[in-house]
């Protein structure tokens with residue numbers, strides 16, 4: 001069985017990556033387990049706990065195994081990954097991927113600093129690590145998948161977004177948007193719909209993953225890197 005692990009900020013990234021993998025893989029051949037890590041860290045104020053998300057499902061002969069850790073905070077992604085790196089390597093994981101937003105902790109100009117900090121103290125003798133930054137937030141990826149707008153409301157068109165908010169989701173650079181969550185909120189509000197991180201599953205269920213996987217990976221570099229990792233993992237050696 002081949003194994004791949006992800007460390008992500010929170011629920012939005014966890015659910016998005018799970019859905020993306022399921023859309024490009026034969027579900028019967030892949031087992032995905034989602035876990036939340038809380039506590040621990042340098043302060044030692046609370047003990048570290050790792051709990052499964054959803055019901056525990058036994059592995060039953062699948063060819064691929066994916067483990068996704070919800071770290072609970074952008075700032076904890078690299079730390080959690082470093083903490084678990086030795087044990088995951090020992091357990092046979094062939095690659096480990098960290099995914100986090102840039103904002104609100106870092107500005108666009110500070111991205112090189114953030115990238116250096118995330119790689120600090122990683123042991124090159126262990127399983128290879130890839131870090132993917134969603135610039136400036138994972139909502140930029142949702143914003144760029146404009147096909148889902150009309151699933152949110154039949155009158156929520158790209159033309160309406162452009163005339164009302166001043167950018168065209170078909171042609172814009174999603175990575176250039178400074179506050180994608182605010183953009184998502186404003187887009188949905190054009191037709192009186194709330195965009196809520198607390199109900200991000202509703203948005204992810206509407207996303208066109210065929211379009212994401214065949215088109216957006218060409219125009220959104222971070223998605224291209226993420227899909228390349230998944231493709232490599234799912235390609236038989």
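Considering 57, 75, which residue is outside any helix (DSSP H, G or I) and at negative phi?
Working: 75 fails: outside any helix (DSSP H, G or I).
Just a single option satisfies the conditions, and that option is 57.
With respect to the conditions (1) part of a strand (DSSP E or B); (2) in contact with a helix residue (DSSP H, G or I) (Cβ under 6 Å, 6 or more places away or on another chain), residue 106 falls short on a single one, namely (1). Return yes when residue 66 is surrounded by 20 or more Cβ atoms within 10 Å (Cβ to Cβ), touching a helix residue (DSSP H, G or I) at 6+ places or on another chain (Cβ under 7 Å) and assigned to a helix (DSSP H, G or I) and no when it is not. When the stated conditions are applied, residue 66 does not pass them.
Please note which helices (runs of 4 or more DSSP H) are completely contained in the range 116-218 and include at least 3 residues that are within 30 Å of residue 84 (Cβ to Cβ).
Working: elements: 139-144, 149-152, 158-165, 180-189, 200-204.
Correct list: 139-144, 200-204.
Which count do you get for residues in the range 92-113 that are surrounded by 12 or more Cβ atoms within 10 Å (Cβ to Cβ) and touching a strand residue (DSSP E or B) at 6+ places or on another chain (Cβ under 7 Å)? Steps first, answer last, please.
First pass over the range 92-113, keeping only residues surrounded by 12 or more Cβ atoms within 10 Å (Cβ to Cβ): 93-103, 105-108, 110-111.
Filter once more, keeping what is touching a strand residue (DSSP E or B) at 6+ places or on another chain (Cβ under 7 Å): 93-102, 111.
Here the count works out to 11.
A short reminder: the numbers here are calculations on the coordinates, not readings from a lab. For clarity, every value in this text was computed on a predicted model and none was experimentally measured. Methodologically, a virtual Cβ is constructed for each residue, glycine included, from the backbone with ideal geometry; neighbour enumeration extends over all protein chains shown.
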